[in-house]
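Below is one structure; the comments refer to it alone.
Every number here is computed from the coordinates shown, using simple stated rules; none is lab data. Because the structure is predicted, anything quoted here is derived from the model rather than measured. Using ideal geometry, Cβ is built from the backbone for each residue, glycine included, and neighbour counts are taken over all protein chains shown.
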Amino acid sequence: MKNILISKRAMDRFINPKNLGPVQDANGYARITGPCGDTVEIWLRIEEGRIKEAGFNTDGCGPSRACGSMATELLVGRPLQVAFEMEQEDILEDLEPFPDDYRHCALLAANTVKAAAQDYENNKPGAEKTPTSSQKETERMRIAVPVANGKLALHFGHCEAFVLVDADPETKQITGTTSLTAPPHQPGLLPPWLAEQGANVIIAGGMGSRAQALFTQQQIQVVVGAPPDTPENLVTAYLNNTLQAGQNLCDH
């Protein structure tokens, strides 16, 4: 691990994670493997709408253990709704400072917590089954657009930031946008990083065949040859099937 600041609490959870292992009589469970290759499991025992016990396991590194530990610590004794609302930053807030290269571990832990809570909801007596995330795929869309100076960067690998545009494909409306600083350029990094952010489409000016294959492996649809316009205009055109894609400016 790089020699950067790590909080004492994070280091303690690296070495001595709390709530490690399955929970007896758990009635909520999820197991998710992230794009980084780490797998996290979460067990919940829920009674009368409150989380009585929470446990986790991971085959990942120390940061994965720390995030799994902190996620479960934040749950015990709390209402079930806390699990549904858990976000990456909720976990990191109690572990800061935390290495930038491993912040995705908190996102994986938070997503697994939500899935375990949903498993409980889906399987409790009288529950109406809720579609899984894969079943919901057609109901929501998060489109990544690499930008420089507010417009599409012609080559996604050298952009300043990514704008993530949330959209409803049925109404063809944009429902939200998030801007994230692009991570340092590193071959093969962007496809799993964007997958961790929830992207399922990327609109780019130019992209090589190898990068396109890596995005496909992450189940992210690739659109290349887009003009240098604003993310909102590009996404609106894409949703309405009017995006004029030109020549792919990268062929390696």
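Adding -39500 (n - 2.57) for every DSSP H run of four residues or longer, then dividing by how many residues the chain holds, sets the calculated 222 nm ellipticity at -9000 deg cm²/dmol. Using the Cβ-Cβ distance between Thr242 and Arg210 with R0 set to 30 Å, the FRET efficiency works out to roughly 0.55. Among 169-177, 143-151, the peptide with the highest mean count of other Cβ atoms within 10 Å heads the list, and the full ranking is 143-151, 169-177. As a calculated quantity, the FRET efficiency between Asn16 and Thr39 at R0 = 25 Å, using C-beta atoms, amounts to about 0.75.
DSSP bridge analysis restricted to region 135-239 gives an antiparallel fraction near 75%, rounded to the nearest 5. When each of Phe215, Phe14, Phe156 is scored by the number of other beta-carbon atoms lying within 10 Å, the sequence from fewest to most is Phe14, Phe215, Phe156. Annotation note: GluC sites (Glu not before Pro) in region 1-110 located in DSSP loop regions with a Cβ neighbour count of at most 11 within 10 Å are Glu48.
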